[in-house]
2 protein chains.
Amino acid sequence: MDDKNISQAVVARLPRYYRYLGELRDSGIERISSQDLSSLMKVTASQIRQDFNNFGGFGQQGYGYNVEYLYNEIAKILGLDKTHNLIIVGAGNLGQALANYMNFERRGFLLKGLFDKNPALYGKELRGIAVQSVENIECFVRENDIDIAVLTIPKDGAVKTAEILVRCNIKAIWNFAHVDLNVPDNIVVENVHLSDSLMKLSYGIANQ
Amino acid sequence: MDDKNISQAVVARLPRYYRYLGELRDSGIERISSQDLSSLMKVTASQIRQDFNNFGGFGQQGYGYNVEYLYNEIAKILGLDKTHNLIIVGAGNLGQALANYMNFERRGFLLKGLFDKNPALYGKELRGIAVQSVENIECFVRENDIDIAVLTIPKDGAVKTAEILVRCNIKAIWNFAHVDLNVPDNIVVENVHLSDSLMKLSYGIANQ
DNA sequence: TATATTTTGTTATTTTTTTAGCATATATGT
DNA sequence: ACATATATGCTAAAAAAATAACAAAATATA
């Protein structure tokens, strides 16, 4: 895209801004200043202005930011104005939870396929999508314009599946497996390491 | 605990060190230098040494780090040498996934209770634990020495439940709800905002 | 319409985090 | 036992991130 050197820290804050702006919009608020957003979100007004300015000037002096406009601009920055086709690999508890939880569909993330290596699950339907064999991943991804693969399988399978997905020119992998995937730079990997998160929590308890 | 000013960035890296050290240990490696760990983990050796030195000197010049020893020390730092009792509030797909996935038990996180507001689920058992009414949370937490509450419910419920949990002197909340909980400073909150994660991924696609 | 107030965008400063450099201690090899 | 190679812990430097400061622009008010 146009902007080049946006730090990960900034990107990581965007979804939270997006969430707050959405709530403001839903409650009918039309405009907000960085100062007011600051006290609402418990971050500095300066950081808010800096963050937004990484992507251009969305506000107006003396007025502040138009909530609806800013909300939509952030959506565009996050790529939420486009739809993405995704598959879930691993139809166990977590995979099913994500498939069913597809609140994501509202945001343009469309579930197109479900895969598992356990034949007992083949044909089982979730949200109208039948589970099929992991053998089919390669063809399916190529033929159905899949952008995102969600990996909810154990680590060995995740590593192997990632290799297949790379061959299929997948754009991004949402990785719930407890392993670091080694893929080319042009493929986006977003890790959700739940046990890491729980350990951070544990650290917090141990160190008040 | 003893150490005071450990940055969040350092803490966030500890689980990953722990994971790699565990794998090294399991494959029979006895010692490792920061340099070798560096190329394995793709972080600088300097950062590795700095990180560990926040908690004391675990290595030896000319030798490196003893894998088993370091692994155990990090476990202590993360509080994994103690057990924690936890409850899951919200027995929907995600709650069930986490309950069943309790690989966490190996690390000392013991599931003690399951709660939901849907009466249809009452009595349903997961890993030998029966789902009960959210009405019972307060008593249960007080009487069963619960440290951690996992919130896998929608945001409105999460906010209300958090208030109850604060009254019960819960130590930590693992929050999967899409909302920022407002609790006193002495209560640890670890957020897992899956949609934030998915948006970061989306950003990655949009900006290659 | 003029004046005071608000509030951004941007530059400057401070703080935090990461990386580099090196003296010192240990291990290894001859 | 001595010399050489390793590799930490720590200090110093560099880079990145967060915060503060403020001029310029727009709004609100009288």
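The values are calculated or read from the model by the stated rules, or taken from the named source; none is laboratory data. Bear in mind the structure is a predicted one, so any value in this text is a computation, not a measurement. Cβ sites come from the backbone with ideal geometry, for glycine too, and all protein chains shown count toward neighbours. Heads up: the accessible areas ignore ligands, DNA and RNA and are worked out on the full protein's heavy atoms, side chains in. Shrake-Rupley method; radii C 1.70, N 1.55, O 1.52, S 1.80 Å.
Of all residues in the range B:104-127, none that is in the same structural domain as residue B:155 (by TED's automatic domain parsing) and open to solvent by 20 Å² or more (accessible area, probe 1.4 Å) has its Cβ atom under 7 Å from the Cβ atom of a residue that is in a strand (DSSP E or B) and aromatic (Phe, Trp, Tyr), 6 or more apart or on another chain.
In the range B:69-90, the count of residues that are surrounded by 15 or more Cβ atoms within 10 Å (Cβ to Cβ), touching a Ser or Thr at 6+ places or on another chain (Cβ under 8 Å) and more than 19 Å from residue B:172 (Cβ to Cβ) is zero.
Here is the figure for the range B:182-192: residues that are more than 7 Å from chain A (Cβ to nearest Cβ) and either open to solvent by 30 Å² or more (accessible area, probe 1.4 Å) or part of a helix (DSSP H, G or I) (or both) total 5. Filtered by the rule that a residue be facing another protein chain (nearest Cβ under 9 Å) and either touching a helix residue (DSSP H, G or I) at 6+ places or on another chain (Cβ under 7 Å) or more than 19 Å from residue A:200 (Cβ to Cβ) (or both), the range B:169-181 gives B:171, B:172, B:173, B:174, B:178, B:179. Taking the criterion of being touching a Gly at 6+ places or on another chain (Cβ under 7 Å), at pLDDT 95 or above and surrounded by 15 or more Cβ atoms within 10 Å (Cβ to Cβ), would at least one residue in the range B:8-17 satisfy it? No, there is no match, as no residue in the range B:8-17 is touching a Gly at 6+ places or on another chain (Cβ under 7 Å), at pLDDT 95 or above and surrounded by 15 or more Cβ atoms within 10 Å (Cβ to Cβ). You will find that of B:149, B:177, B:158, the residue that is closer than 24 Å to residue A:101 by Cα, part of a helix (DSSP H, G or I) and open to solvent by less than 20 Å² (accessible area, probe 1.4 Å) is B:158 and no other. For residue A:202, indicate whether it is within 7 Å of chain B (Cβ to nearest Cβ), over 18 Å from the mean Cα position of the chain (by Cα) and within 15 Å of residue B:192 (Cα to Cα). Yes: the conditions hold for residue A:202. If I filter the range B:121-129 for residues that are among the hydroxyl-bearing types (Ser, Thr, Tyr), more than 9 Å from every other protein chain (Cβ to nearest Cβ) and either outside any loop (DSSP other than H, G, I, E, B) or under 26 Å from residue A:189 (Cβ atoms) (or both), do I get at least one hit? Taking every residue of the range B:121-129 in turn, none turns out to be among the hydroxyl-bearing types (Ser, Thr, Tyr), more than 9 Å from every other protein chain (Cβ to nearest Cβ) and either outside any loop (DSSP other than H, G, I, E, B) or under 26 Å from residue A:189 (Cβ atoms) (or both).
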